Amino acid sequence: MNNLKEVLRPKTLSEFSKIYKKNSYLMAGSTYSFKSIENNNEIKELIIIDSLPLKYIKKDKNSVRLGSLSTFYDLENNEITKKHFFGFISHAASFCSSQLIRNMATFGGNIAHPNAFNILPLIVETLNGKIKIYDGKKYYTISLGAYYSKKIPGLITEIILPLKYDKNVFYFEKIARTNSSWESYITFSFRTGLLKNKITDLRMVFGALTHIPLYNAQIEKEVIGKSVKELDIDYVAKRYSDFVYSVNPSHKYSDYRKEVVYNTVKEFLNKLSKR
Amino acid sequence: MKKITRNAQGFFNISFILNSKDFSVDVSPKETLLDLIRMLGYKGTKRGCDSGDCGSCAIIMNSVTVVSCVLPALYADGKEIITIEGLGDVSNPHPIQSAFVEAGAVQCGFCIPGMIMTTKFLLDRIENPDEKTIKHYLDGNLCRCTGYIKQVNAVKLASSKLKNIKNRKWR
Amino acid sequence: MENNNFKVVNKRLEKIDSLALACGKPMFCDDIDITAMLYGKIMFSPHPHALIKNIDVSRALEVKGVEAIVTYKDIPRIPHTTAGQGYPEPSPYDTYILDKKVRYVGDRVCAVCAKTLEAANEAISKIKVEWEILPAVFDPFESLKGKVVIHDEPDSKNIPDARHNIAAEVKELVMQKKTEWFEEADYVIENEYTIPYLQHCAIEPHTTITYLDEYGRLVIRTSTQVPWHVRRIVAQTLNIPIKKIRVIKPRIGGGFGSKQEIMLEDICAFLTLKTSRAVKMEYTRKDVFVSSRTRHPAIIKLKTGVKKDGTITDIDLDVTLNAGAYGPHALTVLMCSGSHTLPMYKVKNNLKFSGRSVYTNLPVAGAYRGYGATQGFFPLESQMDIMAEKIGMDPVEFRKRNYIKLGETSPVFKAMGEGREGVEQSIKSIGLIEAIDRGLNEIKWYEKKEKYQKLNQKSSIKYGLGMACMMQGSGIAEIDMGSATIKMNEDGSFNLLIGATDLGTGSDTILAQIAAEALGVELSDIIVYSSDTDLTPFDVGAYASSTTFVSGGAVKKAADLVRDIIIEDASKILKEPKENLRVENKSVISKSGKKISFKEIANTAFYYHDQHQIIASASHYGKTSPPPFAAHFAEISVDTRTGIINVLNYIACVDCGTAINPTLAEGQNDGAVVNGIGHTLSEGFEISSNGTVLNANFRRYKILTSKDITNIKSILISTYEPDGPYGAKSVSEIGINGPLPAISNAIYNAIKVRLTEAPFTPDKVLKALKKK
């Protein structure tokens, strides 16, 4: 940061729009930003966005809307995130690294800087959420997958999570060596719609495998619509364990992941069938 | 919108409140908030890892306990910061500080300022936290001396001390 | 002697520095600002084994703010050891402040000092080194073959066999031989156990500040456990007289053995001598992981024989340690893996120890809490369970009948010391049976074992209980010495000047408690100043669990001497015979009822009559090293779906004789136990194929956090050790030896899988379950 000339701190989105350029560097909570640009001498202007009015969690008729400056602490303790989706968001947010990081890390940053161990992308993907981005002129609302593949520059302003999944069954687990851990072997983030034993909807997302969350739409399509009591659970578990293994067969923990995925998917579906 | 431009000497001038005092300081862009705090003479905030993982550099910024070693000093502009020295002193310690002493939770003491700042964050929000909650809130403060056992007790003791003070105020 | 008559000792008094630390007072090494101080930085080697063909610092010297750069060409080449041990150190002299050769990724190449840290780092990036890469070796057994020789320099000394990379060895040491090997055994059990690279992770990184005082003397202010060894070795390696050096130890943020070493002091001092300025050097967290010290990784082969009636017939313990690129503590850790473990067992026929510490091109191992006993008890206490199961005996009964008892001795005490032959001794205090019984009760051992046997049949989460017993030492007999000076002030308070090094352990406090007890005053009447080579008398430093036992012995002696002077003075003032007088409550009291306050005695001595300073010094070294004993009990769950192990309950009962301060003793034990559980479940270096440590940070080298501990309890078992001050033994190391074997035994109890490779991470557990 030797060539940094200006530090700007916009207070409104309109001020932001006047100064934002496509390659502007944005800093929110700085749990990631500062350490990664410390030695970057290209940056001449730094925009610190922590004063923008984006620290909110609210609900409207159709969705839960999370402002991108909400921290993991907010997500963990807010009444809305604790209540809706059976507390899935709150539960998942509690797995982020450690308390001090949860106090600072914004979910916007968690999405903008992809990393295998990030938790917010898993939450968004599981809930089929949409991301709203502001490039200074226009707002875009896109899916997470589109965001990662199109690499749209801009300020993530909010995430929209559809309330239609409010009564689904959720499962979130981070498998790591210790209870408080930044890294994990694999992270499970599952959502099922269940109506009288019929699986009306399914999203099974796996984290920590690549820098973005993974799910297998093909397997989900095969399972959706079936009765959970008629499902060949062993077969589905094996499909998933092969899928996860195939992502990176030469990885140090590929065998372990294969086994854990099989055990976990099997147990998850078994529990569903007993509801 | 706040705008700070680098001056001819190469510094950014920032203003903030630290332990209830007003400060106006020239900082360099690569300086961390931890560097700045220690440079200003507040040695209670410690450097353990410089990567935000050990919590020894924890301070309270705008009422939230954060790790200061990953923040640029620039970030402090316009903020209100409290360090361990701002909580209490040996002649008049904060109840949390006393609790850590009485519970035998201080061994080498290096992690303690950070641990106390996190405890303040917790007790400001939850009046009587159970053990599980205490352990969840303290998980960003690493300690190798105590095994956390007496520190969890210290937080419980601090919580009851603060409750007594609050009750006394009402009488 | 009764424990309940103590007034200050054995009381839960507040540690004297706790409040200041809790208020963030500037007490640590880095907490001072010196005008015009320079920042020193070391350039580390990117190669595991290489020669410096050419080193060009010209571009680095041009960086604005750089004051000096030193390479191997600038420093006298004096072979030495960095190990903080008594002279003559039992470690090979195989290290040079800067050398032409680098022997591991992270080894020193050269050093820079500059006006700012940024300038120093920039300078390092501009130093050009032309390397001749040499083949490297990382596996100890491969290294023994001698295809790669790491220490081929002719001037190193005391390396037993440099050609085969042997930094230390104990050739077949047969301590007992009555029959042919395993002749009488009904069952012979042979297993191999491994422990990886482990780091202390003291939260304060190594920090040293050096400067020249007004008289041109070198002052070293450093985070160290061994001030006197620092002084001596810096004098040796920089060729300056000891009288020109002063070492001051401020408050330290933990050491656990990583600071029982000359880490930065030598190079920092050299930069100060070269620039005549104050220089500060502080390791980054990565430097601490890679370039300070670690535990010795170990491969242990244990072969034991047992009879159906529960007698252990033979023990053959063979230990291979990975010393890393240099050999500090290589011999002593190796020996302690036998000397601090084997005496606990009664072996009927044959007992043998053999071992070697081997050089490899990897980070350097050194002293770490447990110091070999940790490596030794993992196999021994695991195998106690295996033997018990083989003969169908309750593991508790099997242990009780095979452990050493009060009054007994072991051939190991004489045969094995720490680096040399040991000292014969017998057990004068032991609370092991009480510790076992208390722990069994606390954890509800038999009740839970029965419950879990039934529960495990239907649950995918399996539960188990395991136990382990252990011992350690209290200082090194006939070697470790500490001393103390006590002087009286006119208000009846005392200055206690001790060499003993408090690294957060609370030694300042407990030594003051010992002095206060002997002098008949309160803890607050003792003003402690410690670890300053100019102002306090000698002490070897904080290691080998010696402070309470050895330094405490010196403090008691000095306090007794001062008390005698006070009584002598009082006798003259009161005109009463000395035999009638005793100290109590800051006064001297006579049987006749006459009384005189300390204040009056001191004022008389300072000002009125026959003026003298009431002062005395004393030294002490242990003629024995009485072991503390402990019994640990672990209750765990194993999730067979994920392999994750949860420690649900852990009870650690420890007999440390009289606990001078029970709160501090518990605190030490708590920390040691949690550190040991970390070793067991999650810690360990990951090393690349070219010897680079891949997880040199707190994110990936996982030490336990508050969220990882459940119900862990330390229970002090009271005994009285006649050789120790007020009956005390040591307590700070022993706790770390329990978790590995106790949890390994608990895992076996839960899922009938014996894990012998630490750490027991989920992937290893699942793999072992699958293999079953």
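Please treat every number below as a calculation from the coordinates, not as lab data. Note that the structure is predicted; figures quoted are calculated from it, not measured. All Cβ positions, even for glycine, are placed from backbone atoms using ideal geometry, and neighbour counts span all protein chains on display.
Across segment C:91-99, coupling constants 3J(HN,Hα) worked out from phi with the 6.51/-1.76/1.60 Karplus curve, θ = phi - 60°, read 10, x, 8, 10, 10, 10, 3, 9, 10 Hz, and Gly and Pro carry x. Rounded to whole numbers, the Karplus 3J(HN,Hα) couplings from phi for segment B:34-41 are 4, 4, 4, 4, 6, 5, 6, x Hz, using 6.51 cos²θ - 1.76 cosθ + 1.60 with θ = phi - 60°, and x at Gly and Pro. Of the cross-linked pairs A:Lys229/C:Lys702; A:Lys151/A:Lys221; C:Lys259/C:Lys702, those separated by over 30 Å at the C-alpha level are A:Lys229/C:Lys702.
Along the positive direction of the dipole of the protein assembly as shown (beta-carbon charges: Lys, Arg +1; Asp, Glu -1; about the Cα centre), which of C:Asn441, B:Val106, A:Leu194 reaches farthest? Result: A:Leu194. What does the C-alpha gyration tensor say about the overall shape of chain C? Classify as rounded when a/c is under 1.5, otherwise prolate if a/b is larger than b/c, or oblate. Oblate. Counting, for every residue in B:149-156, the Cβ atoms of other protein chains within 10 Å of its Cβ and taking the mean gives 3.
Of the cross-linked pairs C:Lys557/C:Lys591; C:Lys352/C:Lys448; A:Lys198/C:Lys462; C:Lys11/C:Lys557, which ones have a Cα-Cα span greater than 28 Å in the structure shown? The pairs that break the limit, which is 28 Å between Cα atoms, are C:Lys352/C:Lys448; A:Lys198/C:Lys462. Inter-chain Cβ neighbour count for B:60-71, averaged per residue, equals 4 (cutoff 10 Å, partner chain atoms only).
Look at where the Cα atoms of segment A:1-76 and of segment C:82-158 average out, and the two centres are 45 Å apart. Working ranking of peptides B:63-73, C:441-451, B:130-140 by packing, defined as the average number of other Cβ atoms within 10 Å per residue, highest first, is B:63-73, B:130-140, C:441-451.
For segment A:6-48, a crude dipole built from +1 on the beta carbon of Lys and Arg and -1 on the beta carbon of Asp and Glu, taken about the Cα centre, is about 160 debye to the nearest 20. What residue among C:Ala602, C:Ala185, C:His612 has its Cα farthest toward the positive end of the dipole of the protein assembly as shown, where the charges are +1 on Lys, Arg and -1 on Asp, Glu, each on the Cβ? Of the candidates, C:Ala185 comes out farthest on the positive side. A straight line joining the Cα centroids of segment C:1-63 and segment C:501-569 runs 23 Å.
Divide by every residue of chain A the summed helix terms, -39500 (n - 2.57) for each DSSP H run of at least 4, and state the resulting mean residue ellipticity at 222 nm, rounded to the nearest 500 deg cm²/dmol.
On the way: 12 runs with 97 residues, N = 275.
Taken over chain A, the calculation gives -9500 deg cm²/dmol.
Calculated [222 nm] ellipticity per residue, helices only, for chain C: -8000 deg cm²/dmol; basis is -39500 (n - 2.57) per DSSP H run with n ≥ 4, divided by all residues, nearest 500.
Quote the charge dipole size of the protein assembly as shown about the Cα centre in Debye, to the nearest 20; the model charges only the Cβ of Lys and Arg (+1) and of Asp and Glu (-1). Don't skip to the answer; put the middle values down first.
Values: 160 positive and 134 negative charges, 908 e Å.
Rounded to the nearest 20 debye, it is 4360 debye.
Cβ-Cβ distance of C:Lys157 and C:Asp394, R₀ of 45 Å, FRET efficiency by 1/(1 + (r/R0)^6): the value works out to about 0.30. When you count the other C-beta atoms within 10 angstrom of each residue and take the mean per peptide, C:341-353, C:218-230 line up highest first as C:218-230, C:341-353. Other residues lying with their Cβ under 14 Å from the Cβ of B:Pro29 contribute a combined charge of -4, Lys and Arg counting +1, Asp and Glu -1.
Normalised Debye scattering of segment C:638-772 at q = 0.15 Å⁻¹ gives log10 I(q)/I(0) of -0.81, counting only Cα atoms as equal scatterers and leaving out solvent. Modelled label positions at C:Lys458 and C:Asp534, each set 7 Å beyond Cα in the direction of Cβ, lie 7.5 nm from each other.
In this rough spin-label picture, where each label sits 7 Å from Cα along the Cβ direction, the C:Asp564-C:Glu172 distance is 5.2 nm.
Segment C:649-704 and segment A:196-275 have Cα centres separated by 37 Å.
Going by average Cβ density within 10 Å per residue, which order do the peptides C:239-247, C:411-419 take, highest to lowest?
Working: C:239-247: 14.9, C:411-419: 21.9.
Those peptides, ordered most packed to least, come out C:411-419, C:239-247.
Distance between the 7 Å Cα→Cβ label points at A:Asn41 and B:Ile126: 4.8 nm.
Where the only charges are on Cβ atoms (+1 Lys, Arg; -1 Asp, Glu), what is the dipole of segment A:169-273 about its Cα centre, to the nearest 20 debye?
Working: 16 positive and 12 negative charges, 40 e Å.
It works out to roughly 200 debye.
The length gained by stretching the chain between C:Lys586 and C:Lys449 to full extension, at 0.36 nm per residue less their Cα-Cα distance, is 43.9 nm.
Net charge of the neighbourhood of A:Ser227, taken over other residues with C-beta under 13 Å away and scored Lys/Arg +1, Asp/Glu -1, is +3. Label segment B:88-170 by shape, choosing from rounded, prolate and oblate, from the square roots a ≥ b ≥ c of the eigenvalues of the Cα gyration tensor; if a/c is under 1.5 it is rounded, and otherwise prolate applies when a/b is larger than b/c, oblate when it is not. Judged from the Cα gyration tensor, segment B:88-170 comes out oblate (a/c at least 1.5, b/c at or above a/b). Between amide H atoms placed 1.01 Å from N, distances below 5 Å from C:Ala167 occur with C:Ser357, C:Val358, C:Tyr359, all of them 5 or more places distant or on a separate chain.
Within 10 Å, Cβ to Cβ, of C:Lys301, how many net charges do the neighbouring residues add up to if Lys/Arg are +1 and Asp/Glu are -1?
Numbers: positive: C:Lys303; negative: C:Glu190, C:Glu192, C:Asp316, C:Asp318.
Taking every Cβ under 10 Å from that of C:Lys301, the sum is -3.
If the label point is 7 Å along Cα→Cβ of C:Lys100, which residues in segment C:135-149 have backbone nitrogen under 19 Å from it? Within reach of a label on C:Lys100, which here means backbone N under 19 Å from a point 7 Å along Cα→Cβ, segment C:135-149 contributes C:135, C:149.
Which whole-number percent is the relative contact order of segment C:314-450 (Cα, under 8 Å, 6+ apart)?
On the way: 188 pairs, mean separation 36.4, N = 137.
Relative contact order comes out at 27 percent.
Using the Cβ-Cβ distance between C:Lys64 and C:Glu130 with R0 set to 30 Å, the FRET efficiency from 1/(1 + (r/R0)^6) comes to roughly 0.70. With a threshold of 20 Å on the Cα-Cα distance, the over-threshold entries among C:Lys101/C:Lys249; C:Lys400/C:Lys444; C:Lys53/C:Lys147; A:Lys82/B:Lys150; C:Lys308/C:Lys400 are C:Lys101/C:Lys249; C:Lys53/C:Lys147; A:Lys82/B:Lys150. Based on the alpha-carbon gyration tensor of segment B:12-86 and its eigenvalue square roots a ≥ b ≥ c, which shape applies: rounded if a/c is under 1.5, prolate if not and a/b is larger than b/c, or oblate? The shape class here is oblate.
What lysines does B:Lys79 reach when the alpha-carbon gap must be under 22 Å and sequence neighbours fewer than 8 apart in one chain are set aside? Straight-distance partners of B:Lys79: A:Lys5, A:Lys11, A:Lys35, A:Lys55, B:Lys2, B:Lys3, B:Lys21, B:Lys30, B:Lys43, B:Lys46, B:Lys120.
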